[in-house]
Structure formats: C-alpha cells, structure tokens
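*Asks:* The structure is given below, and queries will be raised subsequently.
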Amino acid sequence: MRFDTRNILNQLIILLLIGAIILAGQRVGYGAPVAGAIPGMLIIVAIAMFSIIIKELLPKIKFPAFAWASLIGLVLTMPFMPTAEPLLRYVKAVNYMAITTPILAFAGISVGNKISEFKRLSWRIVVISFVVFTGTFFGSAIVAHIVLKLQGII
C-alpha cells in the first residue's frame, strides 16, 4: 500500500479553508469572536485530518472517515480522559451553527452532482424517503420516551 502524501496535503488544505470559512461565518453570522475559536477550530481540523489518515492507512476496514472522527472525538472527551477538559474548553468556543452551514452547503453540492442518479430512481426515491423519515422520527421518539421515562421526567 502506498501512502499518498499529496492527497493528504490537499485534504489538509481543504480542511483549513473550511475551518476559515466556519470562523468567518461564526463572526459574520453570530457576532462571536474569532480569535478565541481558532484553537478549537484547529483541534477539529486535526481530528478530521487524523481520521482521514486512519482511513487511508486502513483501506480494508470499511469505516468512513467521519465515523473515525466521531470515535476519536468521543474517546478524547470521555470524562476520565486527561484530554477531555482542555479539548472541550477550546472546542466549545466554535459555534455549532457556524459549522453546519458550510457542511450543509457541501452536502447540497454533492447531491446536486448526483442528480442524474436521482432521476433514474424516479418515484422510488420518494417512497424510500418517506420510509426513512418515518422510521427516524419514530425511532427518535421511542428513544426519547425511554430516556425520559428512566429519568422520571414522564
């Protein structure tokens, strides 16, 4: 297996550009200071980059990079981990909504690039969408009900 450093470097540049867009969106959209959020954004970029590198190094493991990033973030912020307190302190300065805006824009572009595939699916995509949305809604409602019941809230 060959580690493609050029590809990794390009992805790092893209992640840094997206980080800059997120910080600009945080300032313009929410009036939040950018300087305090830079360390948190660099941590997020580092975790994302590390997950991309893991995905590249372990191609036979069918685990997406975003799942690696979630797993890394989860482990690093567990209450018993020495990294939890500083990571959470820095990352908390990055506005969540400022992160979602570019991500949703990139998702929209990604879907737009596959519009011909969606046309080929025609009416079946509507049925699948309804089933997925309904299942997600009821699944979330069931989990919320169980958690609220266990906590004695309902």
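*Asks:* May I ask you to list pairs of residues, at least six apart or on different chains, whose Cβ atoms are under 7 Å apart, with the first in region 22-33 being within 9 Å of A98 (Cα to Cα) and the second being of a type in the set (S, T, N, Q) and part of a helix (DSSP H, G or I)?
*Replies:* G25/T101
*Asks:* Okay, next question. Could you pull out the residue among I44, I13 that is without any contact (Cβ under 8 Å) to a residue 24 or more places away in the chain and either open to solvent by 50 Å² or more (accessible area, probe 1.4 Å) or closer than 16 Å to V91 by Cβ (or both)?
*Replies:* Of the residues listed, the single one that is without any contact (Cβ under 8 Å) to a residue 24 or more places away in the chain and either open to solvent by 50 Å² or more (accessible area, probe 1.4 Å) or closer than 16 Å to V91 by Cβ (or both) is I13.
*Asks:* Taking region 92-110 as the search range and keeping residues that are exposed (fewer than 11 other Cβ atoms within 10 Å of the Cβ) and more than 13 Å from the chain's Cα centre (by Cα), which one is farthest from G29 (Cα to Cα)?
*Replies:* S110
*Asks:* Looking at (1) basic (K, R); (2) outside the structural domain of G31 (by TED's automatic domain parsing); (3) under 23 Å from the mean Cα position of the chain (by Cα), which is the only condition R89 fails?
*Replies:* The number of the failed condition is (2).
*Asks:* Let me ask you something else. Open to solvent by 70 Å² or more (accessible area, probe 1.4 Å) and part of a loop (DSSP other than H, G, I, E, B): is that true of P33 in this structure? Break it down into steps so the answer makes sense when it comes.
*Replies:* Working: open to solvent by 70 Å² or more (accessible area, probe 1.4 Å): yes; part of a loop (DSSP other than H, G, I, E, B): yes.
So P33 passes the test.
The values are calculated or read from the model by the stated rules, or taken from the named source; none is laboratory data. Keep in mind that what you see is a predicted model, and the values were worked out from it rather than measured. No Cβ is skipped: glycine too gets one built from the backbone with ideal geometry, and neighbour counts run over all protein chains shown. The area values use the complete protein model at the heavy-atom level, side chains included, leaving out ligands, DNA and RNA. Shrake-Rupley method; radii C 1.70, N 1.55, O 1.52, S 1.80 Å.
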